[in-house]
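Take a look at the structure set out below.
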Amino acid sequence: MPARRKLDPKEAIDHLKKIYKQFLKEGGDPKRFTIRHYNKLNENSHMYIDVFVKKLGGWNNSLQKAGIPLGFRQYKEYSKEEIAAYVKKVYKAYLAAEKTKGKYKGQEKTFRMRDFNIYNAKTGSQFSLAVVLKRFGSWSNILRELNIPIGRSRGLTQQEIIAHVMKVYQKFQVKDGDKVFSKDMYEKYNFIDEVYISSKLVERRFGTWLGAKKKMKIS
């Protein structure tokens with residue numbers, strides 16, 4: 001961009017969108033659009049990268065203004081508080097839409113990971129589920145952080161807990177069967193049939209996580 005020309009933020013963002021579309025047409029990963037990719041595709045333009053990095057509040061800020069997903073490494077710049085605030089925003093969108101549906105309309109419902117994925121796409125996809133789980137350790141942790149109901153956990157019999165864990169284990173085997181069925185893996189697939197039972201509760205009932213696996217004959 002010529003040095004004496006006054007910067008038009010809208011023009012800069014429109015140009016960023018144009019380069020991003022070109023990036024996608026060439027088979028680029030929608031969530032891996034970096035400064036390196038921009039520079040490579042921007043050879044014939046005077047809209048240099050410093051316009052976005054220095055004059056528009058930074059690269060991440062520019063991507064957000066253009067509605068472009070942030071790459072995984074870029075998420076590390078955001079605090080847990082910022083990510084939690086966004087999850088709360090998605091949860092509110094979920095509640096607004098779901099309270100008018102089904103036989104339980106008007107009641108507070110369990111906010112599952114798949115619900116987050118659905119309403120995340122409608123809210124802007126600022127943070128992926130993978131990033132949320134990475135920062136908070138498990139889905140239940142972020143729900144507790146935001147004081148969001150995490151589903152049924154009290155008054156369960158041992159057999160009910162076993163039945164739930166086995167359903168989660170079966171789903172885990174289909175998706176990640178080559179890995180160890182750890183507590184993290186359990187939490188990853190925990191929501192089954194509208195039920196969530198924390199790994200901590202499982203441990204309390206069986207002594208340890210390994211004890212629970214041994215009782216259920218899970219390797």
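Take 35, 13 and order them by how many other Cβ atoms sit within 10 Å, fewest up front.
Final ranking by Cβ density, sparse to dense: 35, 13.
Under a point spin-label approximation (7 Å from Cα along Cα-to-Cβ), what is the residue 145-residue 157 distance to one decimal in nm?
Each label point is offset 7 Å from its Cα along the Cβ direction, giving 3.7 nm.
Would you give the gap between the C-alpha center of region 26-51 and the C-alpha center of region 169-204, rounded to a whole Å?
40 Å
Under a Cβ-Cβ cut-off of 14 Å, what is the net charge of the residues other than residue 14 that fall near it, where Lys and Arg count +1 and Asp and Glu count -1?
Once positives and negatives cancel, what remains is +3.
Taking only the alpha-carbon atoms of the chain, what semi-axes of the equivalent ellipsoid follow from 5 times the gyration tensor eigenvalues under a square root, in whole Å, largest first?
43, 20, 14
Give the order of 139, 209, 59 when sorted by the count of other beta carbons within 10 angstrom, beginning with the fewest.
209, 59, 139
Applying 1/(1 + (r/R0)^6) with R0 = 35 Å to the Cβ-Cβ distance of residue 134 and residue 173, what FRET efficiency is obtained, to the nearest 0.05?
According to the calculation, E is roughly 0.95.
Just want the ordering: 50, 176, from fewest to most Cβ atoms lying within 10 Å of their own Cβ.
50, 176
Quick one: putting +1 on the C-beta of Lys and Arg, -1 on the C-beta of Asp and Glu, what dipole do you get for the chain around its Cα centre, in Debye to the nearest 20?
240 debye
Can you order the peptides 178-186, 23-31, 125-133 by their average number of other Cβ atoms within 10 Å per residue, highest first?
Order by mean packing, descending: 125-133, 178-186, 23-31.
Local charge sum around residue 176 (other residues, Cβ-Cβ under 14 Å, Lys/Arg +1, Asp/Glu -1)?
Local charge sum for residue 176: +2.
Every number in this text was worked out from the coordinates using simple rules, so none of it is lab data. Predicted model only: the values in this text are computed from it and were never measured. As a convention, Cβ positions derive from the backbone with ideal geometry for all residues, glycine included, and neighbour counts pool all protein chains shown.
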